[in-house]
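Inspection log for the structure reproduced underneath, given as structure tokens.
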Amino acid sequence: MGLELPRMGHEVTVCPDGATAAAALEMNTYDCILVDLDMPGLNGIEVIARAKEHSPDTEAVVLTGKASQDSAVAALRHGAFDYLTKPCKLIELKALLERVAAKRELTNKCRALEHRVERLEGAPRLIGQSESMNQVHNLISKVAPTNSTVLVLGETGTGKELVARAVHAQSLRAEMPFVAVNCGALPETLIESELFGHRRGAFTGADDSRVGLFEVANGGTLFLDEIGELPKSLQAKLLRFLESGEIRRVGENESIVVDVRVICATHRNLAEMVAEGEFREDLMFRINTFEINLPPLRARLGDLPELAEHLVKRFTKGRDAPGGLVSAEFLQTLAKHTWPGNVRELANVIEHASILADALPLTPRDLPGNFAARGSSAGSVATLGPMSLREMEMQAIEQSLKRHEGNKPAAAEELGISLKTLYNKLNQASSLRESA
């Protein structure tokens, strides 16, 4: 390999034993190390540990003559990217190194984007010190240091991705990638390839091999938002990964072991979906190892002042004002609203008000012209009596469609659901009315 790898364009340092490799790691930084499990002095796992200590971004590939699943899994648990059984073919090693390079490129792009977002908006964080939010903070601190799968539940717009990011930030994986994917936003024909990757020629249009998001998130956290929208065929593949730690790229026969923590989120009732045959019961139990329920904004109105101040700072680029950023009258008007779109709706309203305002603090006259018509806690919503979750969903959909004059894509975006989900819910409502 010391001769073949340079011909592929790689710079190579050859070390005869583990101690020499450890010394080289102290002197230089490497994109990838190839280690044997059995070496004199330090073994392969010890060398990987030294590499991760000096350079956490260095990837490790294990070469072993022992075709043992246990030894491979042990290496992966200590941070190895993948393993090959000796003797390995040069083409296999070349393909693996290409995956390492692709992962590093994607990781660097993600970090660059995160840094840009943080510079513009500050690091994303959960806002609120109400009793219900303190319970959420406490649950996050309990589960974050573990590797347990987490299910985040809450209405659309409550900030479920922020909970997932908080769990990742407080975990032992914080320095590794956090990858978020909305299962409802990807076409069913592409989501398997996006999650698990594919080999070249696996299907029409697959002109190049592609690394899936599970591999990109290796060592870190994969956040599957709107897990209820995942097709049933892929629910089985997700269950297999959660039980075995293995994935299989589209078009390939061999499985790959990856070390990824999965956090799922949904605003839907998974138990109802199981009863209707839309979601696998075994997967529901598997992803619900630890549950975090995020309260709707109307249940934590005491957090409104802090949320409003935070959002105004974001939209006014940190501008301050002697009289404060929001007036008492502005907050009182916000508190009368039912907030069907939760924090996402609040952010839209405050962004609009920040644009309209000639000066700070914000006042009620800076609110959007149709804000009062969207409903308030003293208005029509309170007089309707108890409603089922399905009825509340349909009311929110109908109100959104009315606001957007029947524009379904715009309504779906405001509600935080995919266009496909919106059509499904409208069709279900139509079927129920016809059968009534």
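Data for the structure
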| item | result |
| --- | --- |
| Residues that are free of Cβ contacts under 8 Å to residues at least 60 places away in the same chain and either within 23 Å of the chain's Cα centre (by Cα) or over 17 Å from Lys52 (Cα atoms) (or both), drawn from region 70-85 | Asp70, Ser71, Ala80, Leu84, Thr85 |
| Residue under evaluation Ala206, criteria (1) in contact with a His (Cβ under 8 Å, 6 or more places away or on another chain); (2) part of a strand (DSSP E or B), criterion not met | (2) |
| Test: residue in region 363-385 that is modelled with pLDDT of 90 or more, outside any loop (DSSP other than H, G, I, E, B) and touching a strand residue (DSSP E or B) at 6+ places or on another chain (Cβ under 6 Å) | no |
| Meets criteria (of a type in the set (A, V, I, L, M) and in a helix (DSSP H, G or I)) for Leu195 | yes |
| Hits in region 285-304 (condition: of a type in the set (Val, Ile, Thr) and in contact with an Asp or Glu (Cβ under 9 Å, 6 or more places away or on another chain)) | none |
| Residue, farthest from Gly157 (Cα to Cα), within region 300-357, restricted to residues that are of a type in the set (Lys, Arg) and over 27 Å from the mean Cα position of the chain (by Cα) | Arg319 |
| Selection from region 1-49 of residues that are surrounded by 12 or more Cβ atoms within 10 Å (Cβ to Cβ), at pLDDT below 90 and of a type in the set (Ser, Thr, Tyr) | Tyr30 |
| Residues (at pLDDT 70 or above and either touching an Asp or Glu at 6+ places or on another chain (Cβ under 6 Å) or polar (S, T, N, Q) (or both)) located in region 388-436 | Gln395, Gln399, Ser400, Asn407, Ser418, Thr421, Asn424, Asn427, Gln428 |
| Wholly within region 215-314, strands (runs of 3 or more DSSP E) carrying at least 3 residues that are more than 30 Å from His337 (Cα to Cα) and assigned by TED's automatic domain parsing to the domain that holds Ser171 | 221-225, 261-266 |
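The values are calculated or read from the model by the stated rules, or taken from the named source; none is laboratory data. Only a predicted model underlies this, so the values are computations on that prediction, with no experimental measurement involved. Note that each Cβ is placed from the backbone with ideal geometry, even for glycine, and that neighbours are counted across all protein chains shown.
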